[in-house]
Amino acid sequence: MANADFVFLHAPSVYDFRRESILYGPISDLVPSTPVFEMYPIGFTTLADYLERRGFRVRIVNLAVRMLKSRRFDPEKLIRRLNPLAFGIDLHWMPHAHGAVEVARLVKRHHPYTPVIFGGFSSSYFHEELVQRPEVDFVIRGDSTEEPLAQLMELIRAGKLDDESLAQVPNLTWTDSAGRVRVNPITYSPSDLDHVIIDYTYVVRAVARYADLANFVPFKDWLTYPITAALTVRGCTHNCRTCGGSVSAFRRIHNRSRPAFRSPAQLAEDLRNIRKFSRGPIFILGDLRQPGMDYAKEFLRLVGVDPGPVILELFDAADREYIQKLARTFPNFTMEISPESHDDEVRRAFGRPYTTAAMEETMAYVLEAGCKRLDVFFMIGLPKQDLQSVMDTVAYCGHLMERFDAGADKRLFPFISPLAPFVDPGSEVFERPEEYGYTILFRSLEEHRQALLAPSWKYVLNYETVWMDRHQIAEATYEAGFRLNRLKKQYGLIDPAVADATERRIQRARRLMAQIDDILQIADPMRRQMLLNALKPQVDTANLSTVCEKTELNLPVGLLKFNLWSAAGIVLAGAMGRRRLVTVPNGGGDKKP
Ligand code: B12
Ligand code: SF4
């Protein structure tokens, strides 16, 4: 494998998922990943691009995807063969608490003197605990780590890892020569999002340069469903109580008082650049109205008309005029809305600002404007939500299907899933659980790591509420999934055979959960483990698409998913050094020969 100066490694959620017998449950049904959470952070691409512009050769190795795709793939062997100046591992999402640290351990086993750098949301929260582990040398905190990482890499390249130099790197947590944990303040936090490139041209170039597609694939089925994301913002203007990306969590973890937005012009250009190589759907992340209506209007004006598939999201109710504008710009659009509950009181307690009635009107506008699909998401595990409330939410889904004639129209798709596996560290609920009616069961990183090895997902959950304990949350999830699946079958939203298969999977998962509960009562640990291991084949088949078929979320994509000529153009432009002009703070620029 060709060498690079910096290698990003993305770990699976639980390192040994191929050996462990764990009933993951519906924790990833609504994202493109499997429960291994094989998708790497979008930040890998912006960081890699930024480092390359500072003269470092960077590659991404998605160990999680490789392990998922082949049982024979040996991550340790691959890690042994790498020889960069430093490794970067994301502990961005908390579910990687186990895998990320285990991968770091493997790196240290084979490269004891090579720095291991952690970053991401969860690393930023648990930074002090992380740098006290022997596997982790540095944590770079914050939501914008491109420049601090580049500065640290300059020091590593120059061999200047003395206390005085390290103390100058913004956002860095490290241990000094006396073994003391040092926390440099988060002073690097750009006010906008225009200092990075978010259009995957780095990935296209790197795949060609290293002749390596396997390690760059963002999730298991990406080549058949090549969805990409366009990022409008780092941060959020909302304050949903369990969210580690809310306005208060960003303040707490990343020292960010205001979101950093991508300018409308850059965002419009990102879209155009992505379209050059991909014909798949582009998910425009974040409600375009967050920075204000002027921003949204300007962006839509700059795009003009984009006939390709796009997924948009609304964080609040919208008026007809705005929805019509969206539809004129994106005639092939899908809308995602997350009311979370049918009940205004529950939603208010969760921190969402609108009423069910207002959002239902918005749904009417979206359908009227000709969306290709309208996905509506509900959640289990919310404040003030009991079992009956969850069932009422499912009944409300029935009402929506009825009102919008989902049987004939076939564009409105409701989904329901649990808040799982964790209430996000740094969120309001994680910090002040009693105020919101929650109990947080694990607080440290190590406790979360151990919980991830529990044999069934309900024991992985790091919370209970006054209204539902973990058993009830799991039971409510399966019952809600069961009922919603039947409704979708009744309205013809899913193929009857698919609905029947989902129903069988839900029943199987319920039985397995009960069996695991029984096994856990056995006092002898050896016998307990033996019986759990014996369940593994059944557990593995129950682990995918538990309460709904994952592909229900996919939009139809044509046979030709990539524009190979344009991709080749990007590769050639890179090879010839024709990089786009982007200002890199702190003396950046293309220093490559
Ligand atoms: C977009 C998004 C997604 C996208 C991910 C797209 C992608 N590939 O990154 C999708 C929809 C797929 C998603 C899925 C999930 N998400 Co999400 N997501 C978000 C959201 C809305 C925005 C994230 C964002 O702005 N990223 C951009 C910036 C901030 O991050 P970044 O560029 O990727 O990374 C920067 C830094 O984090 C850091 N960094 C990251 N990795 C590394 C590594 C190193 C070595 C270094 C130095 C730095 C570094 O540097 C980067 C650039 O400067 C946030 C909420 C919010 N408002 O923030 C939730 C959020 C991040 N997601 C969250 C969760 C829990 C999940 C899921 C686990 C949910 C689930 N159960 O399915 C899954 C995990 C999917 C997987 N890995 O397979 C939580 C995470 C809380 C936590 N601490 O764990 C958040 C905060 C809120 C939430 N509950 O949704 N998510
Ligand atoms: S869950 Fe709420 S706070 Fe978190 S990113 Fe979404 S809208 Fe923002």
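Can you spot a residue in the range 45-64 that is surrounded by fewer than 22 Cβ atoms within 10 Å (Cβ to Cβ), within 16 Å of ligand 2 (Cβ to nearest atom) and at pLDDT 95 or above? So far as the range 45-64 goes, no, none of its residues is surrounded by fewer than 22 Cβ atoms within 10 Å (Cβ to Cβ), within 16 Å of ligand 2 (Cβ to nearest atom) and at pLDDT 95 or above.
Residue count for the range 297-317 satisfying the condition of being more than 23 Å from the chain's Cα centre (by Cα) and surrounded by 21 or more Cβ atoms within 10 Å (Cβ to Cβ): 1.
When you look at Asn255, is it surrounded by fewer than 19 Cβ atoms within 10 Å (Cβ to Cβ), touching a residue at least 12 places away in the same chain (Cβ under 8 Å) and out of contact with any strand residue (DSSP E or B) (no Cβ under 7 Å at 6 or more places or on another chain), yes or no? Here the answer is yes, as Asn255 does meet what is asked. Here Leu193 clears all of (1) modelled with pLDDT of 95 or more; (2) within 27 Å of Ala4 (Cβ to Cβ); (3) surrounded by fewer than 22 Cβ atoms within 10 Å (Cβ to Cβ); (4) out of contact with any Ser or Thr (no Cβ under 7 Å at 6 or more places or on another chain) except the condition numbered (3). For beta carbons closer than 9 Å, sequence separation of 6+ or different chains, a first residue in the range 131-160 that is at positive phi and a second that is part of a helix (DSSP H, G or I), the qualifying pairs are Gly142/Ser124; Gly142/Pro148; Gly142/Ile253; Gly142/His254.
When restricted to residues that are farther than 17 Å from Phe283 by Cβ and assigned to a loop (DSSP other than H, G, I, E, B), the range 332-360 contains 8. Given the residues Ile117, Ile89, Ile79, Ile140, which is the only one that is surrounded by fewer than 24 Cβ atoms within 10 Å (Cβ to Cβ) and away from ligand 2 (no atom under 16 Å from the Cβ)? None of the other options fit; the residue is Ile79.
Could you tell me whether any residue of the range 412-424 is on the phi > 0 side of the Ramachandran plot and not aliphatic (A, V, I, L, M)? No, there is no match, as no residue in the range 412-424 is on the phi > 0 side of the Ramachandran plot and not aliphatic (A, V, I, L, M).
Each row is one residue, and each column tells you yes or no for (1) within 19 Å of the chain's Cα centre (by Cα); (2) modelled with pLDDT under 95; (3) more than 23 Å from Pro425 (Cα to Cα); (4) away from ligand 2 (no atom under 14 Å from the Cβ).
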{"position": "His238", "(1), (2), (3), (4)": "yes, no, no, no"}
{"position": "Cys243", "(1), (2), (3), (4)": "yes, no, no, no"}
{"position": "Ser246", "(1), (2), (3), (4)": "yes, no, no, no"}
{"position": "Arg252", "(1), (2), (3), (4)": "no, no, no, no"}
{"position": "Gln266", "(1), (2), (3), (4)": "no, no, yes, yes"}
{"position": "Leu271", "(1), (2), (3), (4)": "no, no, yes, yes"}
{"position": "Lys276", "(1), (2), (3), (4)": "no, yes, yes, yes"}
{"position": "Arg279", "(1), (2), (3), (4)": "no, yes, yes, yes"}
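Here the range 94-113 is the region considered, the condition is being free of Cβ contacts under 8 Å to residues at least 60 places away in the same chain and over 23 Å from Gly55 (Cβ atoms), and the residue that is nearest to ligand 1 (Cβ to nearest atom) is Ala104. Entry remark, the range 396-449: residues being in a helix (DSSP H, G or I) and either of a type in the set (Lys, Arg) or within 15 Å of ligand 2 (Cβ to nearest atom) (or both) number 7 in total. Being among the aliphatic types (A, V, I, L, M), within 19 Å of the chain's Cα centre (by Cα), outside the structural domain of Arg348 (by TED's automatic domain parsing) and surrounded by 19 or more Cβ atoms within 10 Å (Cβ to Cβ) holds for only one residue in Val217, Val207, and it is Val217. For Phe277, the conditions (1) within 20 Å of Ala318 (Cα to Cα); (2) of a type in the set (A, V, I, L, M, F, W, C); (3) surrounded by 23 or more Cβ atoms within 10 Å (Cβ to Cβ); (4) away from ligand 1 (no atom under 14 Å from the Cβ) all hold with the exception of (1).
Any residue at all in the range 461-470 that is of a type in the set (Ser, Thr, Tyr), in contact (Cβ under 8 Å) with a residue 60 or more places away in the chain and assigned by TED's automatic domain parsing to the domain that holds Phe350? No: zero hits.
Scanning the range 373-395 for residues that are surrounded by fewer than 22 Cβ atoms within 10 Å (Cβ to Cβ) and within 11 Å of Val346 (Cα to Cα) gives Lys384, Asp386, Ser389. Collect the residues in the range 138-178 that are in a loop (DSSP other than H, G, I, E, B), away from ligand 1 (no atom under 11 Å from the Cβ) and not aliphatic (A, V, I, L, M), keeping them in residue-number order. Listed by number, the residues that qualify are Gly159, Lys160, Asp162, Gln168, Pro170, Asp176, Ser177. Based on this model, can you work out whether Thr187 counts as away from ligand 2 (no atom under 16 Å from the Cβ), more than 20 Å from the chain's Cα centre (by Cα) and surrounded by 17 or more Cβ atoms within 10 Å (Cβ to Cβ)? The answer is no for Thr187. Residues in the range 218-240 that are more than 10 Å from ligand 1 (Cβ to nearest atom), part of a loop (DSSP other than H, G, I, E, B) and within 30 Å of Gly292 (Cα to Cα): Asn239 alone. Where helices (runs of 4 or more DSSP H) sit wholly within the range 1-83, those with at least 2 residues that are out of contact with any helix residue (DSSP H, G or I) (no Cβ under 8 Å at 6 or more places or on another chain) and touching a residue at least 24 places away in the same chain (Cβ under 8 Å) occupy 43-53, 63-69. If you check Arg256 against the conditions, is it at pLDDT 95 or above, on the phi < 0 side of the Ramachandran plot, more than 9 Å from ligand 2 (Cβ to nearest atom) and out of contact with any Gly (no Cβ under 8 Å at 6 or more places or on another chain)? When the stated conditions are applied, Arg256 does not pass them.
The values are calculated or read from the model by the stated rules, or taken from the named source; none is laboratory data. None of these values were measured; they are calculated from a predicted model. Reconstructed Cβ throughout: ideal geometry from the backbone, glycine too, with neighbour counts over all protein chains shown.
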